[in-house]
Amino acid sequence: MNPGSRRAVLAALAANASISVFKFLGFAFTGAASMLAEAIHSVADTGNQMLLLLGGARAARVATLEHPFGHGRERYFWAFVVALVLFMLGSVFAIYHGLHKLQHPEPLENVGWAIAILSGSMLLEGYAFLTAFREAQRIRGQTSWLSFVRRAKSAELPVILLEDFGAITGLLIALVCVGLVMITGNPVWDAVGSLGIGALLGVIAVVLAIEMQSLLIGESASPRQLERIRALIDGHDQVNRVIHMRTQHLGPEELLVGAKVEFGASMSAPQIASAIDEIESRLRADVPAARVIYIEPDFWYPGPSAPG
């Protein structure tokens, strides 16, 4: 895990661990369903950040005979588990508790406490979100935020961004609904808040699960990286053409590159081997993520019957 991702995860962990305590105290004082939903939400987020740190530590293990390409995808696996935890512990519980309160509404007590705690929680969550936002901004470039979340190969930053965004939105929902209870005296709004938080967490969990599932299966390099890798191989003096090329992420910063390349027909085996070594050196220098490289010499056969 790179330092920026680790900072974002640790900031979110510190914020959510503190907030969960205050939210449980708020629920104890008020009995608000939306406050309990938010407390469980913060507990789920705290556990999620611990899982992300665990994934980063396990992914750093060296390659073994059983796992010759290393353990980089552990980060994707634990991020997928985060999506499941967010859905099961956060969304399902909040919806269940909201439905229960909808059927059996109870008046809230000490509503002022709830509003104060929710407001303070928004400040802490805002700090965590701002940290993740700044770290993501450094690597996002000109990509839109939607594309960044969908295309990022690092699991942690998209997860933290969505979690923190969901946390702030959930707090707003809870704050509005508790405020409506205080204004109208109708406790049904509290149940509505819990249901809204549950639905929000469910949507975020599904989005995260879909994105992490794609990374677990294996995604190729970005279009920009593909173009650069092909240009570096094709630009070698002794390469006639790149016949075909395949890439796959073994982890956020680990890329497998396989290419079938046509070299000059008059080249000897030692000359081809030397050219391949030069190409690999150039690739690793220009595209640091390209750590595992396989280049196969071959001849190009024009037409649809050309071998793959």
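The values are calculated or read from the model by the stated rules, or taken from the named source; none is laboratory data. On a predicted model such as this, the values are computed, not experimentally measured, just so you know. Cβ: placed from backbone, ideal geometry, glycine included. Neighbour counts: every protein chain shown.
When each of Ile197, Ile233 is tested for being buried (at least 20 other Cβ atoms within 10 Å of the Cβ), under 29 Å from His71 (Cα atoms), touching a helix residue (DSSP H, G or I) at 6+ places or on another chain (Cβ under 9 Å) and touching a residue at least 60 places away in the same chain (Cβ under 8 Å), the lone residue that passes is Ile233. What about Ala285, is it assigned to a helix (DSSP H, G or I) and under 30 Å from Phe80 (Cα atoms)? Answer is no for this residue. Only one of the listed residues (Leu86, Leu124) is surrounded by 15 or more Cβ atoms within 10 Å (Cβ to Cβ), in contact with an Asp or Glu (Cβ under 9 Å, 6 or more places away or on another chain) and among the hydrophobic types (A, V, I, L, M, F, W, C). That residue is Leu86. Can you find a residue in region 201-208 that is over 15 Å from the mean Cα position of the chain (by Cα), closer than 30 Å to Pro68 by Cβ and part of a helix (DSSP H, G or I)? No, region 201-208 contains no residue that is over 15 Å from the mean Cα position of the chain (by Cα), closer than 30 Å to Pro68 by Cβ and part of a helix (DSSP H, G or I).
Yes or no: Ala79 touching a His at 6+ places or on another chain (Cβ under 8 Å), crowded, with 22+ Cβ neighbours inside 10 Å and modelled with pLDDT under 85? Here the answer is no, as Ala79 does not meet what is asked. Give me the pairs: first residue in region 45-62 and free of Cβ contacts under 8 Å to residues at least 40 places away in the same chain and of a type in the set (A, V, I, L, M, F, W, C), second residue assigned to a helix (DSSP H, G or I) and surrounded by fewer than 19 Cβ atoms within 10 Å (Cβ to Cβ), beta-carbon distance under 7 Å, and six or more apart or on different chains, which are they? That search, which allows pairs on different chains as well, returns Leu51/Val81.
Considering only region 93-102, I want to know if a residue exists there that is β-branched (Val, Ile, Thr), at pLDDT 85 or above and within 23 Å of Glu211 (Cβ to Cβ). Yes - at least one qualifying residue is present in region 93-102.
Of the listed requirements (1) free of Cβ contacts under 8 Å to residues at least 40 places away in the same chain; (2) closer than 25 Å to Ala205 by Cα, Leu86 misses just one: (1).
Under the condition of being in a helix (DSSP H, G or I), surrounded by 13 or more Cβ atoms within 10 Å (Cβ to Cβ) and charged (D, E, K, R), the residues counted in region 252-277 number 0.
Among the residues making up region 36-76, those that are surrounded by fewer than 23 Cβ atoms within 10 Å (Cβ to Cβ) and closer than 30 Å to Lys101 by Cα are Val43, Thr46, Gly47.
Yes/no matrix, rows are residues, columns are (1) of a type in the set (Val, Ile, Thr); (2) closer than 24 Å to Phe77 by Cβ:
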{"residue": "Leu124", "(1), (2)": "no, no"}
{"residue": "Ala128", "(1), (2)": "no, yes"}
{"residue": "Ala132", "(1), (2)": "no, yes"}
{"residue": "Ala152", "(1), (2)": "no, yes"}
{"residue": "Ala155", "(1), (2)": "no, yes"}
{"residue": "Ile160", "(1), (2)": "yes, yes"}
{"residue": "Asp164", "(1), (2)": "no, yes"}
{"residue": "Ala174", "(1), (2)": "no, no"}
{"residue": "Val178", "(1), (2)": "yes, no"}
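Where residues in region 5-35 are of a type outside the set (Gly, Ala, Ser) and more than 16 Å from Gly120 (Cβ to Cβ), which of them is surrounded by the most Cβ atoms within 10 Å (Cβ to Cβ)? So, considering only residues that are of a type outside the set (Gly, Ala, Ser) and more than 16 Å from Gly120 (Cβ to Cβ), the one surrounded by the most Cβ atoms within 10 Å (Cβ to Cβ) is Val9. Could you check region 135-157 and list, in sequence order, the residues that are surrounded by fewer than 20 Cβ atoms within 10 Å (Cβ to Cβ), among the charged types (D, E, K, R) and in contact with a helix residue (DSSP H, G or I) (Cβ under 6 Å, 6 or more places away or on another chain)? Listed by number, the list holds a single entry, Arg140. Quick one: in region 215-230, of everything that is within 23 Å of Glu296 (Cβ to Cβ) and among the aliphatic types (A, V, I, L, M), which residue is surrounded by the fewest Cβ atoms within 10 Å (Cβ to Cβ)? Checked region 215-230; the qualifying residue surrounded by the fewest Cβ atoms within 10 Å (Cβ to Cβ) is Leu226.
Residues are listed down the side, and each one gets a yes or a no for (1) in contact with a Pro (Cβ under 9 Å, 6 or more places away or on another chain); (2) touching a residue at least 24 places away in the same chain (Cβ under 8 Å); (3) closer than 30 Å to Ala12 by Cα:
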site: Ile183; (1), (2), (3): no, no, no
site: Pro187; (1), (2), (3): yes, yes, no
site: Val192; (1), (2), (3): no, yes, yes
site: Ala209; (1), (2), (3): no, yes, yes
site: Ala259; (1), (2), (3): no, yes, no
site: Met267; (1), (2), (3): yes, yes, no
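If you filter region 89-116 down to residues that are of a type in the set (Val, Ile, Thr) and closer than 18 Å to Gly166 by Cβ, you find that the one that is surrounded by the fewest Cβ atoms within 10 Å (Cβ to Cβ) is Val92.
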